[in-house]
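Only one structure is covered here, and it is reproduced in the block below.
The values are calculated or read from the model by the stated rules, or taken from the named source; none is laboratory data. No experiment lies behind these values; they were computed from the predicted model shown. Please note: Cβ atoms are built from the backbone with ideal geometry, for glycine as well, and neighbour counts cover all protein chains shown.
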Amino acid sequence: MTSRWTIVVLSWNGRDDTLACLGSICRIPRDDIRVICVDNGSEDGSVEAVRREFPEVELIENGRNLGFAGGNNAGIRRALELGTDWVVLVNNDATLATDAIDALERVALRRPDAGILGGKLLFADPPDRIWFAGQRFNARLGYSGRPRGHGRRDGKRYDEVIPVQRAVGALMAISRGAMEEVGLLDEELFAYVEDVEWCMRVDEAGYEVLLVPGARAWHRVSRSGGGESVSTHPLYYGARNTIVVCERHAPLGRAGTLLRRLAVTATFGLRAVTRRNRREALRAVRAGVRDALAGRLGPRPCR
């Protein structure tokens, strides 16, 4: 059966989160949605649990950690092979509202120029507080700021479909047409900022990037990366990939490039000094900047 909508869930050592996510998707009262779960080499019994509890879900085993980009691309390629019109990425640490696909579909029908439809992410706890309701990204400055509405109570002011400069990979849909024109996620980026870069390519190709606030999910925030307050991966990949993406899409002269690199380093350095593991966090930022300047991409080198 060809499904117009295919949902791809990427799993990596997050068995309980993955099962909760798939459970929310399988409760959607539609029989025309295909679901693909991609496992990135989990060692916590995720594969066996998904196969046992959700036999109707197609399971792809990568056998190793290909990162957010490579892992999701495996599911996206399969979805395109099956003839889907839209692929929806959902983080395994999120639970999807039962009417989320309906909301995406309504906007897709009304806005034929849309290439990416981003959903509204709410914190899992408290569930009425916004984590993401759209965001800007200034590639010339290398700065995106906090997501619109972050930490605020959800309400009518966040219910309008609006153009945005980026969606987040935790809940975003992309059309077949856009992917055929711009390609898939950049696997060299591995993790973090790859969704920003994808949105930039889609926008540069002339498609709309829209926030669809009726498509909601509740997000437990960076569980796969070890937690935002503990893991240094977001700092390493964030600093490295922000520099790489900005220089790729918004090249500046020598002086401007140097200033932007300093601004990105300072931004991530400030985030690092607020951590309890400050020294390790600062080392991660330095390593990320160093690898960006050296052109070393892909997975973070083992320390």
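The table that follows gives values for the structure above.
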item	result
Members of the stretch 102-133 that are surrounded by 24 or more Cβ atoms within 10 Å (Cβ to Cβ) and either in a loop (DSSP other than H, G, I, E, B) or without any contact (Cβ under 8 Å) to a residue 12 or more places away in the chain (or both)	Ala133
Residue ID - surrounded by the most Cβ atoms within 10 Å (Cβ to Cβ), chosen from residues in the stretch 161-184 that are farther than 21 Å from Leu122 by Cβ and of a type in the set (Val, Ile, Thr)	Ile174
Helices (runs of 4 or more DSSP H) enclosed by the stretch 225-303 - at least 2 residues per element that are over 21 Å from the mean Cα position of the chain (by Cα) and not assigned by TED's automatic domain parsing to the domain that holds Trp12	254-273, 278-294
Which listed residue is in contact with a Leu (Cβ under 8 Å, 6 or more places away or on another chain) and not hydrophobic (A, V, I, L, M, F, W, C), from Arg27, Arg51	Arg51
Unique residue being of a type in the set (A, V, I, L, M), in contact (Cβ under 8 Å) with a residue 12 or more places away in the chain and in a loop (DSSP other than H, G, I, E, B) when the list is Ala178, Ala191	Ala191
Top-ranked residue of the stretch 257-282 - restricted to ones that are of a type in the set (Val, Ile, Thr) and farther than 17 Å from Ser144 by Cβ, ranked as surrounded by the most Cβ atoms within 10 Å (Cβ to Cβ)	Thr257
Residue in the stretch 145-160 that is buried (at least 17 other Cβ atoms within 10 Å of the Cβ), under 15 Å from the mean Cα position of the chain (by Cα), small (Gly, Ala, Ser) and not assigned by TED's automatic domain parsing to the domain that holds Gly288 present	no
Check on Arg30, of a type in the set (Lys, Arg), farther than 19 Å from Gly119 by Cβ, surrounded by fewer than 19 Cβ atoms within 10 Å (Cβ to Cβ) and at pLDDT 95 or above	no
Lone qualifier among Glu197, Glu208, Glu247, Glu188 - being of a type in the set (Asp, Glu), within 30 Å of Asp159 (Cα to Cα) and surrounded by fewer than 21 Cβ atoms within 10 Å (Cβ to Cβ)	Glu208
Cβ pairs under 8 Å, 6+ apart, first in the stretch 283-295 and farther than 17 Å from Val245 by Cα, second in a helix (DSSP H, G or I)	Ala284/His233; Ala284/Leu235; Ala284/Tyr236; Ala284/Ala239; Ala284/Ala272
Any hit, the stretch 73-81, residues being in the same structural domain as Ile162 (by TED's automatic domain parsing) and more than 14 Å from Val9 (Cα to Cα)	yes
Selection count, the stretch 62-101, where residues are without any contact (Cβ under 8 Å) to a residue 40 or more places away in the chain and in a helix (DSSP H, G or I)	2
Total residues in the stretch 224-237, condition surrounded by 21 or more Cβ atoms within 10 Å (Cβ to Cβ) and modelled with pLDDT under 95	1
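Listed here are the residues, each with its yes/no results for (1) part of a helix (DSSP H, G or I); (2) of a type in the set (A, V, I, L, M).
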{"site": "Leu22", "(1), (2)": "yes, yes"}
{"site": "Pro29", "(1), (2)": "no, no"}
{"site": "Val38", "(1), (2)": "no, yes"}
{"site": "Val47", "(1), (2)": "yes, yes"}
{"site": "Arg52", "(1), (2)": "yes, no"}
